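Trainee: This structure is in structure tokens; I'll ask about it shortly.
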Protein chains: 2
Amino acid sequence: MKAILVRNLRAANDALAATNRDTFARHGILALNLMGSPGAGKTSLLEATLARLSPIPGRCGVIEGDIATTRDGERIAAHGVPVVQLNTDGACHLDASMIAQGLEQLLRDGFRPVPQTGSFLFIENVGNLVCPAEFDLGAHHTVVVYSVTEGPDKPEKYPLAFQKASAVVLTKVDLLPHLGLGQEDFLSTLTTCAPHATVFPVSAWSGTGMDAWCRWLRQQLAPVAAWPGPEA
Amino acid sequence: MKAILVRNLRAANDALAATNRDTFARHGILALNLMGSPGAGKTSLLEATLARLSPIPGRCGVIEGDIATTRDGERIAAHGVPVVQLNTDGACHLDASMIAQGLEQLLRDGFRPVPQTGSFLFIENVGNLVCPAEFDLGAHHTVVVYSVTEGPDKPEKYPLAFQKASAVVLTKVDLLPHLGLGQEDFLSTLTTCAPHATVFPVSAWSGTGMDAWCRWLRQQLAPVAAWPGPEA
């Protein structure tokens with residue numbers, strides 16, 4: 001009984017994720033599913049990213065997922081970017097149905113994607129390195145946000161999210177000297193455990209590495225934009 | 001259908017947790033369920049704790065829960081403490097049935113609890129601040145291990161684990177100066193969100209705060225020990 005129920009739930013989620021993909025394509029939206037542990041720095045990364053990408057109207061929209069509070073949504077709204085805060089009331093991950101509802105609300109609330117050049121939809125999942133990886137939201141990319149303070153062994157211990165990642169943003173690299181660690185302590189494990197991922201060591205605080213990460217993001221817009229190649 | 005299934009699973013888990021409590025009582029075991037985000041420092045805290053508590057034979061046993069790898073179990077075994085590594089193969093939390101099996105194995109593998117003075121069973125849950133809080137293992141105490149690098153807002157954003165905690169160990173306080181934060185930035189939120197918890201700011205690395213945490217642990221042994229008051 002349990003296995004059948006889970007399969008049905010997954011199948012229903014996958015069908016809704018496919019619908020989300022169609023909706024994204026219709027609007028020229030590139031959707032990124034950001035997942036990581038609580039406190040990995042997802043919201044800080046988003047803030048630093050939006051400060052670099054968002055001055056163009058319609059370029060960015062954000063869906064914030066949290067069990068409770070509207071704190072992250074408020075942080076994003078302060079950057080003048082359209083944002084919807086989803087509260088899961090205990091649930092440990094977002095699912096495709098929540099994203100469909102969130103996007104509908106976001107479009108009502110002022111997100112005006114630009115199909116000609118492509119627009120970003122950043123989805124910040126619930127802070128959890130396990131469960132979010134099991135649910136397809138229809139996003140084009142899984143981005144794991146992984147802070148150096150978590151230690152170098154996490155890709156081996158929480159394999160699924162890393163296996164699915166197109167990008168791993170290794171955050172808080174400014175703290176490495178205080179941890180007795182270097183970037184190289186993380187990179188070889190990531191090569192093995194996140195074989196499809198480009199790795200971006202960054203500090204949202206100091207700005208280190210943010211240019212390379214934002215350049216990658218802009219490059220990903222090309223397939224969803226109607227015009228050949230988005231502006232830099 | 002879904003709600004009924006969840007209730008049944010929860011009821012089955014709760015019944016097994018009650019059985020675990022009986023088993024713990026029979027052996028004079030004080031069981032502690034350590035939960036926290038990936039990289040919060042649970043294993044490092046355990047290592048530093050065992051170094052202070054374990055010289056007495058039969059004093060400590062450990063059950064390590066991880067989705068994958070035996071890395072944490074090996075770290076504990078290196079301290080000469082009986083340990084069983086549970087791999088959940090994707091599951092995001094431990095449950096009471098896993099603990100029953102783990103304890104059985106641990107007793108076979110050389111854990112010899114001492115009912116007269118009481119013994120500690122440390123259970124390190126899967127790194128996840130959400131799902132483990134929903135499953136009773138039969139442990140006497142929920143201990144949330146929460147690192148300062150996760151930022152001060154986590155008790156509000158992940159409320160259930162903190163609400164259930166008898167103790168919150170605030171780890172990595174040696175990094176506070178590099179974060180521009182102080183202990184006071186965490187304590188007022190913890191007072192509200194973890195109303196039943198004693199808070200222990202510690203650095204497993206430098207040893208700061210470890211004496212107070214270990215003193216609290218020894219005090220908790222009294223109710224499970226046959227003799228009046230365990231030795232210090």
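Coordinate-derived values only; no laboratory data. Fair warning: this is a prediction, and the values are worked out from it, not measured in the lab. Ideal geometry is used to build each Cβ from the backbone, glycine not excepted, and the neighbour counts take in all protein chains shown.
Trainee: Considering only segment B:46-66, I want to know if a residue exists there that is of a type in the set (Lys, Arg), closer than 26 Å to residue B:194 by Cβ and surrounded by fewer than 23 Cβ atoms within 10 Å (Cβ to Cβ).
Mentor: Looking through segment B:46-66, at least one residue is of a type in the set (Lys, Arg), closer than 26 Å to residue B:194 by Cβ and surrounded by fewer than 23 Cβ atoms within 10 Å (Cβ to Cβ).
Trainee: What pairs can you find where one residue is in segment B:141-158 and within 18 Å of residue B:181 (Cβ to Cβ), the other is assigned to a helix (DSSP H, G or I) and among the β-branched types (Val, Ile, Thr), and their Cβ atoms are less than 8 Å apart, with a gap of 6+ or different chains?
Mentor: Cβ pairs passing all conditions: B:147/A:149; B:148/B:173; B:149/A:149; B:152/B:189; B:153/B:189; B:155/B:189; B:155/B:192; B:156/B:189.
Trainee: I'd like to check something: does segment B:184-200 contain any residue that is assigned to a helix (DSSP H, G or I) and buried (at least 24 other Cβ atoms within 10 Å of the Cβ)?
Mentor: Within segment B:184-200 (the criterion being assigned to a helix (DSSP H, G or I) and buried (at least 24 other Cβ atoms within 10 Å of the Cβ)), the answer is yes, since at least one residue qualifies.
Trainee: Restricting the search to segment B:88-100, which residues are more than 10 Å from chain A (Cβ to nearest Cβ) and either in a strand (DSSP E or B) or more than 16 Å from residue B:136 (Cβ to Cβ) (or both)?
Mentor: B:89
Trainee: Now for a different question. In the set A:76, A:67, which member is within 14 Å of another protein chain (Cβ to nearest Cβ), closer than 25 Å to residue A:149 by Cα and hydrophobic (A, V, I, L, M, F, W, C)?
Mentor: When all the criteria are applied, what remains is A:67.
Trainee: Ok, one more. Quick check, is residue A:9 under 18 Å from the mean Cα position of the chain (by Cα) and at negative phi? Show your work before the answer.
Mentor: Numbers: under 18 Å from the mean Cα position of the chain (by Cα): no; at negative phi: yes.
No, not satisfied.
Trainee: Kindly establish whether residue A:124 is touching a residue at least 40 places away in the same chain (Cβ under 8 Å) and in contact with an Asp or Glu (Cβ under 8 Å, 6 or more places away or on another chain).
Mentor: Criteria met by residue A:124.
Trainee: Right, something else. So which residues in segment A:180-223 are free of Cβ contacts under 8 Å to residues at least 40 places away in the same chain and touching an Asp or Glu at 6+ places or on another chain (Cβ under 9 Å)?
Mentor: A:189, A:192, A:193, A:203, A:206, A:208
Trainee: I would also like to ask the following. Hey, residue B:78 hits all of (1) of a type in the set (A, V, I, L, M, F, W, C); (2) within 25 Å of residue A:155 (Cβ to Cβ); (3) buried (at least 17 other Cβ atoms within 10 Å of the Cβ) but one; which does it fall short on?
Mentor: Evaluating residue B:78 over (1) of a type in the set (A, V, I, L, M, F, W, C); (2) within 25 Å of residue A:155 (Cβ to Cβ); (3) buried (at least 17 other Cβ atoms within 10 Å of the Cβ) leaves (3) as the failure.
Trainee: Evaluate segment B:30-44: report whether one residue or more is of a type in the set (A, V, I, L, M, F, W, C), in contact with a strand residue (DSSP E or B) (Cβ under 9 Å, 6 or more places away or on another chain) and in a helix (DSSP H, G or I).
Mentor: Our first condition is that a residue be of a type in the set (A, V, I, L, M, F, W, C); within segment B:30-44, this holds for B:30-32, B:34-35, B:40.
Still in the list and also in contact with a strand residue (DSSP E or B) (Cβ under 9 Å, 6 or more places away or on another chain): B:30-32, B:34-35, B:40.
Those left that are additionally in a helix (DSSP H, G or I): none.
Scanning segment B:30-44 turns up no residue that is of a type in the set (A, V, I, L, M, F, W, C), in contact with a strand residue (DSSP E or B) (Cβ under 9 Å, 6 or more places away or on another chain) and in a helix (DSSP H, G or I).
Trainee: Whether any residue in segment A:10-32 is in contact with a Lys or Arg (Cβ under 9 Å, 6 or more places away or on another chain) and crowded, with 21+ Cβ neighbours inside 10 Å is what I want to check.
Mentor: So far as segment A:10-32 goes, yes, one or more of its residues are in contact with a Lys or Arg (Cβ under 9 Å, 6 or more places away or on another chain) and crowded, with 21+ Cβ neighbours inside 10 Å.
Trainee: State all residues of segment B:121-151 that are surrounded by fewer than 24 Cβ atoms within 10 Å (Cβ to Cβ), outside any loop (DSSP other than H, G, I, E, B) and away from chain A (no Cβ under 12 Å); if no residue qualifies, say none.
Mentor: Matches in segment B:121-151: B:141 only.
Trainee: Continuing with this model, one more query. Could you list all residues from segment B:155-193 that are within 12 Å of chain A (Cβ to nearest Cβ) and under 18 Å from the mean Cα position of the chain (by Cα)?
Mentor: B:155, B:158, B:159, B:160, B:161, B:162, B:163, B:171, B:172
Trainee: Do we have any residue at all in segment B:164-171 that's over 24 Å from residue B:132 (Cβ atoms), in contact (Cβ under 8 Å) with a residue 24 or more places away in the chain and among the hydroxyl-bearing types (Ser, Thr, Tyr)?
Mentor: As a first pass, look at segment B:164-171 and keep what is over 24 Å from residue B:132 (Cβ atoms): none.
Looking for residues that are over 24 Å from residue B:132 (Cβ atoms), in contact (Cβ under 8 Å) with a residue 24 or more places away in the chain and among the hydroxyl-bearing types (Ser, Thr, Tyr), one finds none in segment B:164-171, hence no.
Trainee: Condition check: in contact (Cβ under 8 Å) with a residue 12 or more places away in the chain and closer than 27 Å to residue B:18 by Cβ. Does residue B:134 satisfy that?
Mentor: For residue B:134, the condition - in contact (Cβ under 8 Å) with a residue 12 or more places away in the chain and closer than 27 Å to residue B:18 by Cβ - is met.
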